[in-house]
Amino acid sequence: MSIPTTMAARLRKAARVILVGPPGCGKGTQTTRVLNRYPQLTALSSGDLLRQNVRAGTPIGLEAESIMKNGGLVHDSLMVKLIVGELSRRGYLESKPTHAAGLISASPSSASSPSNSSDLPSASFLLDGFPRTQGQAKKLDEEVSMNLVVNIDVPSEVIIQRISNRLVHTPSGRIYNLTWNPPKVPGIDDVTGEPLTRRSDDFPETFKKRLEAYRKETEPLLEHYDKAGVLWTVKGRTSDEITPLLEGEIKKRFG
Ligand code: ATP
Ligand code: MG
């Protein structure tokens, strides 16, 4: 199945989107498609960023590698440093006065947050895979108010079947599925011609742990964002079913 053909569309307001969903639900695939559709959006994938650090052998990569291999979650403090640092470097967080730690903890606990983000469409971004714990969500709330949290709801049996068919191009994060979205040449990335690999954490035992971590640590975040009035749930069995719904919702809210 090929990626649905897309025509670029414009955003009128800043979209600050989080994709939430179990491992293998297609966050990465949706990210690629939504970015094609809305060129003003840029994406930050915590998993891709971590894998790049592992490949490059950075201190962050060295710390994260074994945790990722085992299907666990990387520590909140490290993740927050990585993602908030990257958002700030890319200019998505307007500079604000450095605040004392005490001031932060005195701020309201809910998702009501500082308005230190621009409303210009060019300040739009999408987070894939972050936040994943209550601690991460709280830190993100302190930095920027996200205005759409997408819950990608795919049945577990579909996910498990899909993971055993997944291949990735690690440098770009591009994802292929042998059934739904195969590369043009078997084992080769369509864009660069480089080889595709399997993610070491996609093997069944590790995958089970990732699924458990999702249910325990990440699913509770949905309630947090629901209370904040920004949660939207999309259900589907395939990425092709979900893409038009997701793009339609972005259009409705920000187009
Ligand atoms: P998929 O890519 O199929 O959606 P996933 O969301 O579980 O699955 P990634 O987001 O690529 O996979 O993450 C891979 C691994 O990186 C996780 O299992 C975890 O160890 C680590 N990781 C990624 N994001 C975070 C995060 N926000 N907090 C803690 N660990 C993370
Ligand atoms: Mg991913």
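Bear in mind these aren't lab numbers, they're just calculated from the coordinates by the rules spelled out. Since the model is a prediction, treat every value here as computed from it, not as a measurement. Reconstructed Cβ throughout: ideal geometry from the backbone, glycine too, with neighbour counts over all protein chains shown.
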How many angstrom lie between the Cα centre of segment 31-78 and the Cα centre of segment 211-255?
20
Under 18 Å from K208, Cα to Cα: lysines that are on another chain or at least 8 residues apart:
K27, K69, K216
How big is the charge dipole of the chain about its Cα centre, in debye rounded to the nearest 20, if each Lys and Arg gets +1 on its Cβ and each Asp and Glu gets -1 on its Cβ?
360
Place +1 on the Cβ of every Lys and Arg and -1 on the Cβ of every Asp and Glu in the chain, take the dipole about the Cα centre, and give the residue among L82, I163, I242 whose Cα lies farthest towards its positive end.
I242
Order of L73, L178 under a 10 Å beta carbon neighbour criterion, fewest first:
L178, L73
Once phi is turned into θ = phi - 60°, what whole-Hz ³J(HN,Hα) does the Karplus curve with 6.51, -1.76 and 1.60 give for every residue of segment 119-130, x standing for Gly and Pro?
8, 5, x, 5, 8, 7, 8, 10, 9, 10, x, 9
Checked against the positive end of the charge dipole of the chain (+1 on Cβ of Lys and Arg, -1 on Cβ of Asp and Glu, about the Cα centre), the farthest of G47, P186, C25 is P186
What FRET efficiency, computed as 1/(1 + (r/R0)^6) with R0 = 22 Å and r the Cβ-Cβ distance, is obtained for E205 and S172, rounded to the nearest 0.05?
0.20
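Taking only DSSP H segments of four or more residues, each worth -39500 (n - 2.57), what value at 222 nm results for the chain once the sum is divided by all its residues, to the nearest 500 deg cm²/dmol?
-12000 deg cm²/dmol
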Taking the Cα centre of segment 211-255 as origin, work out the dipole magnitude from +1 charges on Lys and Arg Cβ and -1 charges on Asp and Glu Cβ, in debye rounded to 20.
160
